[in-house]
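What follows is a set of notes on a single structure, which appears directly below.
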Amino acid sequence: MNEFPKGRIIQEFSIGTVRIDLLVVDWCLRGYEIKGDGDILKRLSHQAKHYAEVCRFLTLIAGEKHIQEAMTIIPDWWGDRKSTRLNSSHAYY
C-alpha cells in the first residue's frame, strides 16, 4: 500500500539557503535528509534549523560513519535511520 497516496515527492527542495534531499508533500510536509559516509556533517545543524521551519516531520538517514555523531546534532524529535551499503548502487535503511 502506498503510504502517501495523494502526496508528491520532491528531490533537492530549496528551503531558504539550504536544500533538503527529499520532501514529501501530503497533508503535511515530511523531510528526509541523507548523509552518506562520504558526506560531512559541518552544515547539518544549520540545515536542521531551516528544515524545522517548514517540515512537520523530519528523518535523517545516515551511513554507519556518521549516525552516532549526527544524532547528537539533530533535535530529539527527528526520526533517524542507519543506512548500510549492500553494494555500489543500493543501500538498506
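Let me know the whole percent of all Cα-Cα pairs from the range 1-55 that are separated by more than 16 Å.
Roughly 44 percent, once rounded to a whole number.
Among residues other than Ile40 whose Cβ falls under 11 Å from its Cβ, what is the net charge (Lys/Arg +1, Asp/Glu -1)?
Details: positive: Lys35, Lys42, Arg43, Lys65; negative: Asp37, Asp39, Glu69.
Around Ile40, the surrounding residues sum to +1.
Computed from the coordinates by the stated procedures, all read-outs in this text should not be read as laboratory data. This structure is a prediction, so every number in the text was calculated from the model and none was measured. Because the Cβ atoms are built from the backbone with ideal geometry, glycine has one as well, and the counts that use them run over all protein chains shown.
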